[in-house]
Amino acid sequence: MIIRLERDSVCMGDDCTAPNAASLEIADAARLPELIGQIRKMYYLASIYGGKATWVLYQEQKPLAVVAQQWEEAKYLIDPGTRLFELFSGAASGDLRFAYRTQQDPDEVFRQLLVR
């Protein structure tokens, strides 16, 4: 499966070192933690000085997870066992977007998204 990624810009400098759009190939039976692990290994999400960047992963308008620079693991707003083929209804590709939530407390961002 091909996952097309898009992310918000943090600053002009990060746009020079890592593009805002990327794609990766991953097994359609992979789960969200595997996908986020691969994305982290790609260094796709910009890091900031101070180490407290917060990102929200979206599929269209639906938040899926909060990823924080200071966390080892993401926190999920849907079942982390969801397989990609379920998330994308069996399609061969899918689009995901990371919204940059600046240096907001990732626990607070997670709580806000849970009550939506």
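Here is how the numbers come out for the structure above:
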read-out	value
Rg ratio (alpha-carbon, reference 2.2 N^0.38 Å) - the chain	1.01
Using alpha carbons only: equivalent-ellipsoid semi-axes of the stretch 35-82, gyration tensor based, whole Å	19, 12, 10
Taking LYS41, LYS75 and counting other C-beta atoms within 10 Å, the order from fewest to most	LYS41, LYS75
Ranked ASP28, ASP79, criterion: other C-beta atoms within 10 Å, fewest first	ASP79, ASP28
Modelled FRET efficiency - R0 22 Å, GLU73 with ALA29, Cβ distances, 0.05 increments	0.60
Spatial extent of the stretch 53-116: Rg and Dmax, with the Cα atoms as the point set, Å	12.1, 35
Extreme residue, positive dipole direction of the stretch 24-80, given options TYR49, LEU77, GLN38 (C-beta unit charges)	TYR49
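Just so you know, all these numbers are worked out from the coordinates, no wet-lab data involved. Small disclaimer: the values here were computed from a predicted structure and weren't measured. Here Cβ is always computed from backbone atoms with ideal geometry, including for glycine, and neighbour counts include all displayed protein chains.
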